[in-house]
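What follows is a short report on a single structure.
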């Protein structure tokens, strides 16, 4: 399998892309509720396929009502623990959501400091493959979003 080979990383998008260009990431500040810049513009990828699938299918333009999603990664007992969550209206729409996972060369990325399963490239990268995905491809269950 691709993930176990250690040669590839994964990037999820609602769009099928021929080239992935650095973009500015944003993260919600849990104290203020505002979206803030998260590092410098980069192409973001992960070694955890479920995170890429989750990001691929979470397309705000296809969801009515409140849209909040979250994923958390921690290291524990020598393995990566992942928690995926979304608001209830997103959960009720899962069967209608799809996207694309872009398979990328591991050698094009550097591990993001302080992150468990996040890698970045500061330059454009080209996928070696693009896979169509749905929520049925997730190994992990998406939980109901519960802000901290």
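Remarks
- Among the residues examined, residue 71 qualifies as surrounded by 10 or more Cβ atoms within 10 Å (Cβ to Cβ) and either more than 29 Å from residue 4 (Cα to Cα) or at pLDDT below 95 (or both).
- Filter pass, residue 75 being within 28 Å of residue 105 (Cβ to Cβ), in a strand (DSSP E or B) and without any contact (Cβ under 8 Å) to a residue 24 or more places away in the chain: no
- For segment 84-111, residues that are within 27 Å of residue 21 (Cα to Cα) and either at pLDDT below 85 or under 17 Å from the mean Cα position of the chain (by Cα) (or both) total 16.
- Residue within segment 112-122 that is at pLDDT 85 or above, more than 23 Å from residue 26 (Cβ to Cβ) and buried (at least 19 other Cβ atoms within 10 Å of the Cβ) present: no
The values are calculated or read from the model by the stated rules, or taken from the named source; none is laboratory data. Not measured: the values here are computed from a predicted model. Cβ coordinates were reconstructed from backbone atoms using ideal geometry, including for glycine residues, and neighbour counts include every protein chain displayed.
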